[in-house]
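Worksheet for the structure shown next.
Rule-based calculations on the coordinates, nothing more; no lab input. Because the structure is predicted, anything quoted here is derived from the model rather than measured. Positions of Cβ are backbone-derived with ideal geometry, glycine not excepted, and every protein chain shown enters the neighbour counts.
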Amino acid sequence: MTDRGNRMKKIICIGREYGSGGREIGEKLAAALGVPYYDKLLIKKTALESGLSEEYIARTEESPVKNFQFLSGNLYADMAVMNNTFYLESQITYNAEKKVIEQIGAEGCGVIVGRCASGILPEDKRLSVFIYAGKADKINRVSLRNGISEKDAAGRIRRVDRMRRQFFDFYSETPWGQPESYDIMLSSSHFGIDGCVDILLNSIRQTEAAVNE
C-alpha cells in the first residue's frame, strides 16, 4: 500500500449510473491510491464472513425489494408486506454485505463500488461519489461491452438503473443520483474516465492537506 493509502482514513464510496464507467473509475482510483478495491472482492469477503456462496451474493445483491410493487395503499396491509420483505433473499445479502462494509469502514481505507455503501457508512468515514454520463455514451459503452444492439442496451440501462434506484432509496435516507446524497458528482461524458480519476485524486489530496494542517 502506498504512503497516500496509509494516510487516507476514509472509504471512497462510488455510486454510478449503469454504463457510466463508474466501476472502471473506481478500479483505477484504487490502483492510484494503493488501496483495496471492493467489488468482486467484497463478494468474496462477504461469502467468507457470512457462509453464503459467492454465486448467491452476486445474484441477489443490489436487488430491489420486489414486494413493493404490490403495495396497496392500505397502511396495515402494506406494513405486513414490508415486514415480510425482511426475509427476502436480497435482504439477507444486504445484511451480510452491510456487516462487511462496516468492517471495511473501521479499517479506514479502500474504494467500494455500489452496495449503498455511502448510506451505510457515517459521513466522517467516507467520501461519497456519483458517476453519471450522457445517454448516448452509456448506450455505446453497454452495447460494446455486452455485444448487444443499442436498443437492447438502452433497455438494459433503464432496468438496471431502476433497480439501483429502488435499492438505494429503500436503504438510504437520501435519494439515489441526487446531489444531497453525494459529496461529489462527476460526468464521465464530460471529463472522461481518466479525467474523473484525476479530479477525485486531487480532491483527496486537498482533503488530506487540510487534515494535516
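The table that follows gives values for the structure above.
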quantity	calculated
Ordering of 107-120, 143-156, 189-202 by packing [mean C-beta count within 10 Å, highest first]	107-120, 189-202, 143-156
Under-5 Å amide H pairs with Gly114, H placed in peptide plane, nonlocal only	Ile14, Gly15
For Asp183, distant residues with modelled amide H under 5 Å away	Ser128, Val129
Relative contact order of the stretch 115-213, pairs being alpha-carbon contacts under 8 Å that are 6 or more residues apart, as %	35 percent
Debye equation applied to the C-alpha atoms of the stretch 136-181, log10 I(q)/I(0) at 0.28 Å⁻¹	-0.87
J(HN,Hα) series, the stretch 182-199, from Karplus relation 6.51 cos²θ - 1.76 cosθ + 1.60, nearest Hz, glycine and proline x	9, 7, 9, 10, 10, 9, 6, 5, 7, 9, x, 4, 5, x, 5, 4, 4, 5
Computed Kirkwood radius, in angstrom, where 1/r is averaged over Cα pairs of the stretch 5-53	12.2 Å
Proximal lysines to Lys98, defined as alpha-carbon separation beneath 20 angstrom and excluding residues fewer than eight positions away on the same chain	Lys9, Lys10, Lys40, Lys44, Lys45, Lys66, Lys125
Descending semi-axes in whole angstrom, ellipsoid equivalent of the stretch 97-207, from the Cα gyration tensor	26, 18, 12
